[in-house]
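The values are calculated or read from the model by the stated rules, or taken from the named source; none is laboratory data. Computed from a predicted model, the values in this text were never measured in an experiment. Virtual Cβ from ideal backbone geometry, glycine too; neighbours counted across all protein chains shown.
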Ligand code: SF4
Ligand code: SF4
Ligand code: SF4
């Protein structure tokens, strides 16, 4: 069994305090939102009913939080136990990412006090993709906390409880693989219904598949990114052997993605749109060039052992994948009635607040809970 | 909502294809929906509309909606610029240059819910707050169920549902074909108010036939046009305008219960060119192909539990 340790050290550092300040500002705007309505703090409107709270916090945010899902896929399904040291930190980021996405949904939905209606069987609409996504994400948040629970129980020395939980944990691990597969692809299916309102550079029958692949790609990229940053920030040795091994998978995934993505637009006859020089065309190109550059870097084994290049490639994947998702929900969406949307400052601050809360929780947890692998040299 | 047999069969048929490969739009196409037995709707004839906006006023009266000042510099009277949470029905004027059939160079269009035969909003709503009446096909809203997620707004191809952005307890607002008046045996307020018969209420089958009759008219000749209710008695004589030979809403995205006739191309009065298959059928087809009524996920879950349990056992 892999040994883990809490890093210890002061929690109230400068970055922690900066984050706390951002959270406070966000709380102020949130108060306004709940008293005066969503229109009082955001620029969302009847043409663009969804803004960054959905497109970033949920659609991109949960993909960034697919670290846990992606790592569980190789550890459990492909039975590669050697990656287990990456499981706990990945699970933890997933837990925060998903929990906060769930929280921002509550800020976003207009009639939040009736949110429980989703769970009332007589109201459920099995035809609704939103229903499936909401139910899956809701359940997955619970599953993530259960999967992470052993870590907290270790800290509190609740060994009996931990043993009992460990006996049934495989159910949660299995759900933890099934549920993201379902809702991450459904996040793509969701925009199928936007039909002619979504630019043909993004609207496609392949939306579910492309969303699923980007979730996995972003998930792995997040693991690499987070692990490299954590090594530098906490002055720990890099887990290069594992990271370079994982990244050997990426050229394949990216290759499959890019072939489907480009060929789908091409077959539908819209590829010329990409080269017309408009905003949408340029974003389409940028999105795919970012992913292509990651593919080219990671295709060479020597590059995969180089921390700098690995870091650049992971950034390119994070950006390219996130852009694909963001563009599908906002930039490529045009209701065609003259409506425009650009997030307002308070709206942005609420999103920043959520990111800041996530960073704070991460810092606090790695310092106080046994999350990161124990260093053997001591 | 129950999984109907047809949907189930659709899922079974689709699931014979491989998960990833089957996601091509052509294969995943779902079945077309039928018109409900007693479907009622509105036929709006742009060539008869004089732009008086009496229907806008009548709609606000019938549905308790406040006046709206679209141009704040002159807050004199109700002048909405578009549909909104305060305006369920709007008459818009479009300038149409070089069109010989609209003498003054413009055409009117009336916008409100189309009461689609396969409504995207109903399919989108996670909590069945929007439902389509199985008898008269009217699409209504239930605020007690709604969670305010606004997926209906994203999904509606005509941008009809509106949201109360400035309320702490917002609702979705849209035309419900005056279902409260229909329940009392009446007709929609906008049609009852229309002085020329440009907005005509009635059973959809009859409205379709009426639209076809108008398309066959000789431009310039006088004909009888029913006013307010196609089943009513009031009739006016009008000179037939030249129609674009298409009934908008008969086939668009599987059809709707609100139909349009116009003397100018529909795209020039803001009605988008749409395919005949609804996006709903497409999305449904794909969802069912993947999930096959939740059978696949359960099978996969079983498999995963088996694999992981084996692995954990070996570890010990
Ligand atoms: S027009 Fe829009 S709101 Fe009306 S029934 Fe169709 S999808 Fe629903
Ligand atoms: S906003 Fe309300 S009515 Fe519209 S889809 Fe969401 S829950 Fe349904
Ligand atoms: S049917 Fe009723 S609610 Fe709908 S536009 Fe006409 S008057 Fe308004």
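Could you say whether any residue in the stretch B:178-200 is more than 16 Å from ligand 2 (Cβ to nearest atom) and part of a strand (DSSP E or B)? Yes: one or more hits. Going by the structure shown, is residue A:291 more than 14 Å from every other protein chain (Cβ to nearest Cβ), part of a helix (DSSP H, G or I), modelled with pLDDT of 90 or more and buried (at least 19 other Cβ atoms within 10 Å of the Cβ)? Here the answer is yes, as residue A:291 does meet what is asked. Here residue B:258 fulfils each of the conditions (1) away from chain A (no Cβ under 14 Å); (2) modelled with pLDDT under 90 apart from (2).
So which residues in the stretch A:118-136 are within 24 Å of the chain's Cα centre (by Cα), more than 15 Å from residue B:154 (Cβ to Cβ) and within 7 Å of chain B (Cβ to nearest Cβ), if there are any at all? Residue satisfying the conditions is A:118 alone. Considering B:235, B:299, the condition of being within 30 Å of residue A:72 (Cα to Cα), surrounded by fewer than 21 Cβ atoms within 10 Å (Cβ to Cβ) and either in contact (Cβ under 8 Å) with a residue 60 or more places away in the chain or out of contact with any helix residue (DSSP H, G or I) (no Cβ under 9 Å at 6 or more places or on another chain) (or both) is satisfied by B:299 alone. For the residues B:121, B:113, the requirement of being within 16 Å of ligand 3 (Cβ to nearest atom), part of a helix (DSSP H, G or I) and in contact with a strand residue (DSSP E or B) (Cβ under 7 Å, 6 or more places away or on another chain) singles out B:121. Out of all the residues in the stretch A:171-179, is one or more in contact with a strand residue (DSSP E or B) (Cβ under 8 Å, 6 or more places away or on another chain), part of a helix (DSSP H, G or I), facing chain B (nearest Cβ under 10 Å) and over 14 Å from residue A:325 (Cβ atoms)? No.
No other residue among B:260, B:243, B:223 is within 16 Å of ligand 1 (Cβ to nearest atom) and touching a residue at least 12 places away in the same chain (Cβ under 8 Å) apart from B:260. Hey, can you tell me all the residues within the stretch B:166-205 that are within 14 Å of chain A (Cβ to nearest Cβ), away from ligand 1 (no atom under 16 Å from the Cβ) and in contact with a strand residue (DSSP E or B) (Cβ under 9 Å, 6 or more places away or on another chain)? Passing the criteria: only B:170. Could you list, in sequence order, the residues of the stretch A:113-131 that are within 11 Å of ligand 2 (Cβ to nearest atom), over 22 Å from residue A:191 (Cα atoms) and surrounded by fewer than 21 Cβ atoms within 10 Å (Cβ to Cβ)? A:114, A:117 - these are the residues of the stretch A:113-131 that are within 11 Å of ligand 2 (Cβ to nearest atom), over 22 Å from residue A:191 (Cα atoms) and surrounded by fewer than 21 Cβ atoms within 10 Å (Cβ to Cβ). May I ask you to list the residues in the stretch B:143-173 that are part of a loop (DSSP other than H, G, I, E, B), surrounded by 21 or more Cβ atoms within 10 Å (Cβ to Cβ) and near ligand 2 (Cβ under 10 Å from one of its atoms)? If the condition is that a residue be part of a loop (DSSP other than H, G, I, E, B), surrounded by 21 or more Cβ atoms within 10 Å (Cβ to Cβ) and near ligand 2 (Cβ under 10 Å from one of its atoms), then B:146, B:147, B:148, B:149, B:150, B:156, B:161, B:170 are the ones that fit.
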